[in-house]
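K.L.:
Mind looking over this structure? Questions follow.
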Amino acid sequence: RSIDDDFNVENYQLVVLSGVEKTPQYLMSSTVPLIIFNASQSTYVDFKSSIRFTAKGGIEEVSSYKNPNFSSFSFSPELLRLIADAPPLGTLFGSYDFQGNIKYVLNQKIGVLESKNPIIMIQNFDSRKVCFVSAEGWWRWKLYDYSFNNNNLAFNELFFKLSQYLILQEDKSLFRLEYEKEHEENNEVFIHATLYNESYELANNKVIDLQLVDENAREY
């Protein structure tokens, strides 16, 4: 959209950039989360990111796989199947050097070799999340998804959950306990525990241990 005197980027929850060689200054100084497609070394330099990329050739085709250590939001079986089977994406051939707290969502896969080079990664700048997407050709995934499923539910899930995670503010209370403050003698005591991941989806894949301590420091 065109920028006028009344434009205020802070009125928006998320900005998506594609095909932009240099990030506009009004976005650089903003706190609005970003998704940047076709991210390159100049993009990382603009943001003073700890990510460094050295190009060593032209565009190469790569497959992808979900980073097994990424748990900020869940992936349905249909989405995992799309990631595994979808046509290759195009990305610049080169090497990465990483420092700092960076979350890798999807990584590159060449043949059967699972590379550490990223396709989608997220970096926090203070309280602002910025998502860098290094590959192009996502339209292939959308067409592939529809050709097999007659819908784009799996494809849309990836970018919906990614957007939702970027928009959500950090909340330290991802693990919550609910219980009555007082109980009558001989009545049962119920303690309800709820665990969320960083996208506020219920997470049931953790083991919870509970210890109760009385006034004499005895543990139960």
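The values are calculated or read from the model by the stated rules, or taken from the named source; none is laboratory data. Every value quoted in this text rests on a predicted model; they were computed, and no experiment measured them. Because the Cβ atoms are built from the backbone with ideal geometry, glycine has one as well, and the counts that use them run over all protein chains shown. These accessible areas exclude ligands, DNA and RNA; they are computed on the full protein's heavy atoms, side chains included. Shrake-Rupley method; radii C 1.70, N 1.55, O 1.52, S 1.80 Å.
K.L.:
Mind checking the dipole of the chain: about its Cα centre, +1 per Lys or Arg Cβ, -1 per Asp or Glu Cβ, Debye to the nearest 20?
P.N.:
1300 debye
K.L.:
When only alpha-carbon atoms count, how far does the range 19-58 stretch along each of its three principal axes, as whole angstroms with the largest first?
P.N.:
33, 22, 14
K.L.:
Give me the extension gain from W138 to Y200: residue separation times 0.36 nm, minus the current Cα-Cα distance, reported in nm with one decimal.
P.N.:
Length gained between W138 and Y200: 19.7 nm.
K.L.:
Also, I was wondering about something else. Test of understanding: what is the full-extension gain from K116 to R81, defined as 0.36 nm times their sequence separation minus their Cα-Cα distance? It would help to have the intermediate numbers written out before the result.
P.N.:
Numbers: separation 35, 0.36 × 35 = 12.60 nm, distance 2.01 nm.
Separation in residues times 0.36 nm, less the Cα-Cα distance, equals 10.6 nm.
K.L.:
For the chain, find the longest principal axis of its Cα atoms and tell me its angle to the long axis of helix 153-167, 0 to 90°, nearest 10.
P.N.:
Rounded to the nearest ten degrees, it is 70.
K.L.:
So which lysines pass the test for K103, namely a Cα distance under 22 Å, with those fewer than 8 places away in the same chain ruled out?
P.N.:
K48, K66, K116, K129, K161, K172, K206
K.L.:
Turning to a different aspect of this structure: First check a/c for the range 52-100, with a ≥ b ≥ c the square roots of the eigenvalues of its C-alpha gyration tensor; if it is under 1.5, answer rounded, and if not, answer prolate when a/b is larger than b/c or oblate otherwise.
P.N.:
Here the range 52-100 falls in the oblate category.
K.L.:
While we're on this one: Given labels modelled 7 Å from the Cα in the Cβ direction, how far is it in nm from S74 to E10?
P.N.:
Taking the two extended label points, one gets 3.6 nm.
K.L.:
Same structure, new question: Where the centroid of each part is defined by its Cα atoms, how far is the range 49-97 from the range 104-127 in Å?
P.N.:
5 Å
K.L.:
Taking the full set of protein chains and a 1.4 angstrom probe, give the accessible area of V45 in square angstrom, rounded to the nearest 10.
P.N.:
The value for V45 is about 80 Å².
K.L.:
Could I ask something else about it? Mind pulling up the Rg/Rh value for the range 66-220? Radius of gyration and Kirkwood radius, both on Cα.
P.N.:
On the way: Rg = 21.1 Å, Rh = 18.9 Å.
Ratio of gyration radius to Kirkwood radius for the range 66-220: 1.12.
K.L.:
Still on this structure, I have one more. Suppose the chain between A193 and N149 were pulled fully straight at 0.36 nm per residue; how much longer would it get relative to their current alpha carbon spacing?
P.N.:
Values: separation 44, 0.36 × 44 = 15.84 nm, distance 3.70 nm.
Taking 0.36 nm per residue and subtracting the Cα distance, the gain is 12.1 nm.
K.L.:
Quick check: at a probe of 1.4 Å, how many percent of the accessible area of the chain sits on carbon and sulfur atoms?
P.N.:
50 percent
K.L.:
Here's a follow-up. Using R₀ = 45 Å, calculate the FRET efficiency as 1/(1 + (r/R₀)^6) where r is the Cβ-Cβ separation of I167 and V207; round to 0.05.
P.N.:
That pair, I167 with V207, gives E of 0.90.
K.L.:
Separate question: Is the shape of the range 78-149 rounded, prolate or oblate, going by the alpha carbon gyration tensor and its root eigenvalues a ≥ b ≥ c, with a/c under 1.5 for rounded and a/b larger than b/c for prolate?
P.N.:
Numbers: a/c = 2.26, a/b = 1.58, b/c = 1.43.
Verdict is prolate for the range 78-149.
K.L.:
Here's something else I'd like to know. Express the C-alpha Rg of the range 119-186 as a ratio against the empirical globular expectation 2.2 N^0.38 Å, rounded to two decimals.
P.N.:
Values: Rg = 20.2 Å, N = 68, 2.2 N^0.38 = 10.9 Å.
That works out to 1.84 for the range 119-186.
K.L.:
Can you tell me what percent of all Cα-Cα pairs in the range 174-220 are more than 17 Å apart? Each step should come with its number before you reach the end.
P.N.:
Values: 555 of 1081 pairs.
For the range 174-220, the share of Cα pairs beyond 17 Å comes to 51 percent.
K.L.:
Also, quick follow-up: Counting Lys +1, Arg +1, Asp -1, Glu -1, what net charge surrounds N151 among other residues with beta carbon under 12 Å of its beta carbon?
P.N.:
-2
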